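> Mind having a look at this structure? Questions to follow.
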Amino acid sequence: MSERRLADLLAMWRIRAFEEKVRDLRAEGPIVGSVHLCIGQEAVPIGACDVLEPHDALFATYRGHGWALARGVPPQPLFAELTGRASGVNGGRGGSAYFTAAEHGFHGENSIVGAGAPIACGAALAGRFDGSGRAAVSVFGDGAMNQGAVHEAMNFAAALSLPVVFVCENNRYSELTPIADMVRTPRLAGRAAAYGMPGHRVDGNDAEAVRFHMRDALEVAREGGGPTLLECVTERLAGHYIGDAETYRQPGELERIRRREPIARLREGLLADGVPAADVDAVERRARAEMDSAAAAALDAPFADPATAREHLYA
Amino acid sequence: MPDRELTYGEAVNAALHRLMEELPETLVYGEDVGVPGGVFGVTRGLRKRYGDRVFDTPISESAILGSAVGAAMMGRRPIVEIMWADFSLVALDQIVNQAANVRYVSGGRLSAPLTIRTQQGGAPGACAQHSQCLEALFLHVPGLRVCMPSTPQDAYDLLVTAVHGDDPTLVIENRTLYAGAKERVRTGGPVAPMGGARTRRTGSDVTIVTWGAMTHRALEAAGTLADQGMHAEVVETPWLNPFDTGAVLESLRRTGRLAVVHEANLTGGFGAEVVARVAGAGVPLLAPPLRIGTPDVRMPAAPTLAQALVPGAGRIADEVRALVRQEAPR
């Protein structure tokens, strides 16, 4: 048991170390433009992706670096993508908000809130005809719950009994605005009933809880039982984007979040179970070393060639 | 397959049957296209023949188009119907931000070979939200392909080409043509390459460039002008992306006068792009180029009002006649 939890800790540290490295590179200059970090939300992708099959299709959002890593995309081409290198996972055409690596079952981030949900339905629909047994996962934030496309997708998936798991990462903020102010009933999972699908509110800071519910939802989906909505309650430790002044935070809020964020929580749990502190802390060092070297290698690579800027528009 | 006598709508149906037969990865879906066979009857018989590959959907354009993007990314070839082009506006995100971006943003590692069948344009009694001509919106978006067939043969051929192609493609049909006269249609031919123009009538005095349902009115106008000794060449460009600029220039080098006729309203219409390309190519013209389209007005419901706006054969003939009679610029 503690072995798996140690593995979870490493997986979460890989995401956090990646994101902190991204934050540094954004401050230092190699990364430009809008970047949305998932620091504090690492347990959701780690728990969810652990029970996915390679042929399942996952559609994430612009806060999706952690999902790409959890799906097994190596960090070097991701850093290269972020820094505009030819060796970027999408040759520099995607950037932070559009990582796509189909060969890892990662069918892409998206920077239109809620737009991935109907697309995920299509990936699930394709599975009905190609014999793959594929399930599709649509990841979005609490804000996307108020987008029409998400509503359409949920009904579409339910009406057609498509194997889709809708994973709502509820980090309590729709961009800069509390979700609680934007809905009448803050229990988002409750909406599932209206579509005739199961809905569960899950502790999104506990990878094991996410894994448990995800496994169930996938089983239902693969057996023809249709979609499920998982509302994974979590909190981001970073701003909406790098540079967000976070003026919307209440006094003491970040301190409170830090006490229950997934990495600190799991670390304490492992120590309480008697795992030596040296083993626990080695995980962080290992993750940081991996990301430091991946970033350095990415920065050593040549920039995307301007002569290719028009390529890949049409077949 | 022998040639068959088909209406425009039947030709679309025949193309869908062929595509379902020869490409097992095709799917046909949309609002009322399955069991009811489509509000214009164009998808009739497909559900019965191909079962689950043809189905009805909720009235959810984002879900229809978005799922088509996702299914296409995973190797299907969805052919989805958006009942009226006006309804695509509900879900433009899935066309412009999603479908058009898949190949480019993934660095060519994914593609979205989906075909969107829709129909547009005015008809007696059509209203403001069921009659707009929106091709220019889609033509402004890199990453999409767009065509507008006007004959039964092209209704068949263009759809076959679109579905065999690997780019997201809009096939914009016209409901006033669905139940038109039957014509001999070659249904089993090879898949034609994307693009190309059709010289529907030859002439030496002026080139009329047109597409969609306006082609028929332009031809009628050209007939009227011929009776008066004026010879208009009618170049139809059923493919608007890719657009056969070369065919237009070639005709213009012989006629020296250009009239672009489209049903869409003028400002930002694709006619402006055609004129700009001609100007950029430096073909010497005997008169300033002319655009004929619907003026920049919303579309009224009353037929007398609508007729006052949408170009008819009479107006096209009048304006082209005036163009030809202009003195050459000194």
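The numbers here are math on the coordinates, done by the rules we state, and not lab data. Bear in mind the structure is a predicted one, so any value in this text is a computation, not a measurement. Here the Cβ is made from the backbone with ideal geometry for all residues, glycine too, and neighbour counts use every protein chain on show.
> Place a point 7 Å from the Cα of A:Thr247 along the Cα-to-Cβ direction; which residues of segment A:161-183 have their backbone N under 14 Å from it?
Within reach of a label on A:Thr247, which here means backbone N under 14 Å from a point 7 Å along Cα→Cβ, segment A:161-183 contributes A:176-177.
> At q = 0.18, 0.23 Å⁻¹, what log₁₀ I(q)/I(0) does segment B:198-325 have when each alpha carbon counts as one equal point scatterer in the Debye sum?
Rounded to two decimals, the profile gives -0.90, -1.44.
> A further question follows. Report the antiparallel proportion of the DSSP beta bridges in segment A:155-281 as a percent, rounded to a multiple of 5.
15
> Can you say what percent of the DSSP beta bridges in chain A, counting only those with both residues inside, are antiparallel? Round to 5.
15
> From other protein chains only, count the Cβ atoms within 10 Å of every residue's Cβ in B:36-48, then give the mean.
0
> A further question on this structure: How much length is gained if the chain between B:Ala308 and B:Ala192 is pulled fully straight, taking 0.36 nm per residue apart and subtracting their Cα-Cα distance, in nm to one decimal?
Separation in residues times 0.36 nm, less the Cα-Cα distance, equals 38.0 nm.
> Let me ask something additional. Per residue Cα convex hull volume for chain A, in cubic angstrom?
Working: hull volume 42.4 nm³, N = 315.
Convex hull of Cα atoms, per residue: 135 Å³.
> With N denoting the number of residues in segment A:110-239, provide Rg(C-alpha) divided by 2.2 N^0.38 Å, to two decimal places.
Here the Cα radius of gyration is 1.00 times the empirical estimate.
> Sticking with this structure for a sec: Please give the contour-minus-distance gain from A:Leu313 to A:Ala86: 0.36 nm per residue of separation, less the Cα-Cα distance, rounded to one decimal in nm.
Contour length minus the Cα-Cα distance gives 80.1 nm.
> Something else: Between A:Ala159, A:Ala301, A:Ala278, where does the largest GNM mean-square fluctuation fall for chain A, given springs only between Cα atoms within less than 10 Å?
With Cα springs under 10 Å in chain A, the top fluctuation among A:Ala159, A:Ala301, A:Ala278 is at A:Ala278.
> Which part of segment A:278-315 falls in the paramagnetic zone of A:Val32, meaning amide N under 16 Å from the point 7 Å along Cα-to-beta-carbon?
Counting backbone N atoms under 16 Å from the label point, the list is A:303-307, A:309.
> Could you check the spin-label model distance between B:Ala179 and A:Arg285? Points 7 Å from the Cα along Cα→Cβ, value in nm.
Modelled inter-label distance: 8.1 nm.
> In Å and from the alpha-carbon atoms only, list the Rg and Dmax of segment A:1-66.
13.6, 42
> How large is the dipole of chain B about the Cα centre if only Lys and Arg carry +1 and Asp and Glu carry -1, each at its Cβ, rounded to the nearest 20 debye?
It comes to approximately 380 debye.
> Stick to Cα atoms and the Kirkwood definition of Rh, then tell me Rg/Rh for chain B.
Expressed as Rg/Rh, it is 0.97.
> Answer rounded, prolate or oblate for segment B:128-172, using the Cα gyration tensor with square roots of eigenvalues a ≥ b ≥ c: rounded when a/c is under 1.5, else prolate when a/b is larger than b/c, else oblate.
Oblate.
> Also, I was wondering about something else. How are the Cα pair distances of the protein assembly as shown distributed, in percent, across 10 Å bins from 0?
For the protein assembly as shown, the pair-distance distribution reads 3, 15, 23, 22, 16, 11, 6, 2, 1, 0, 0.
> Please work out the ratio of the alpha-carbon Rg of segment B:1-124 to 2.2 N^0.38 Å and round it to two decimals.
Cα-based Rg divided by the globular estimate yields 1.08.
> Out of all DSSP beta bridges in segment B:154-307, what portion is antiparallel? Express it as a percent rounded to 5.
25
> Please list the non-local residues whose amide H lies under 5 Å from the amide H of A:Asp206, H modeled 1.01 Å from N, same-chain partners needing a gap of 5 or more.
Result for A:Asp206 returns nothing.
> Another question about this same structure. Label-point separation (nm) for A:Met182 and B:Glu250, each offset 7 Å from Cα along Cα-to-Cβ?
My value for the distance between the label points is 5.4 nm.
> Right, another one. What spacing in nm lies between the two simple spin-label points modelled at A:Ala7 and A:Ser132, each 7 Å away from Cα in the Cβ direction?
According to this spin-label approximation, the distance is 2.4 nm.
> Same structure again: Using the Kirkwood radius built from alpha carbon pairs, what does the Stokes-Einstein equation give as D for segment B:120-211 at 25 °C and 0.890 mPa s, in µm² per second?
Answer from the Stokes-Einstein relation: 162 µm²/s.
> Here's a follow-up. Among B:Ala221, B:Ala279, B:Val297, whose Cα lies farthest out toward the positive end of the dipole of segment B:179-330, if unit charges sit on the beta carbon of Lys, Arg (+1) and Asp, Glu (-1)?
About the Cα centre, the residue reaching furthest to the positive side is B:Ala221.
> Under a Cβ-only charge scheme (Lys and Arg +1, Asp and Glu -1), can you give me the dipole magnitude of segment A:172-284 about the Cα centre, in debye to the nearest 20?
My answer is approximately 480 debye.
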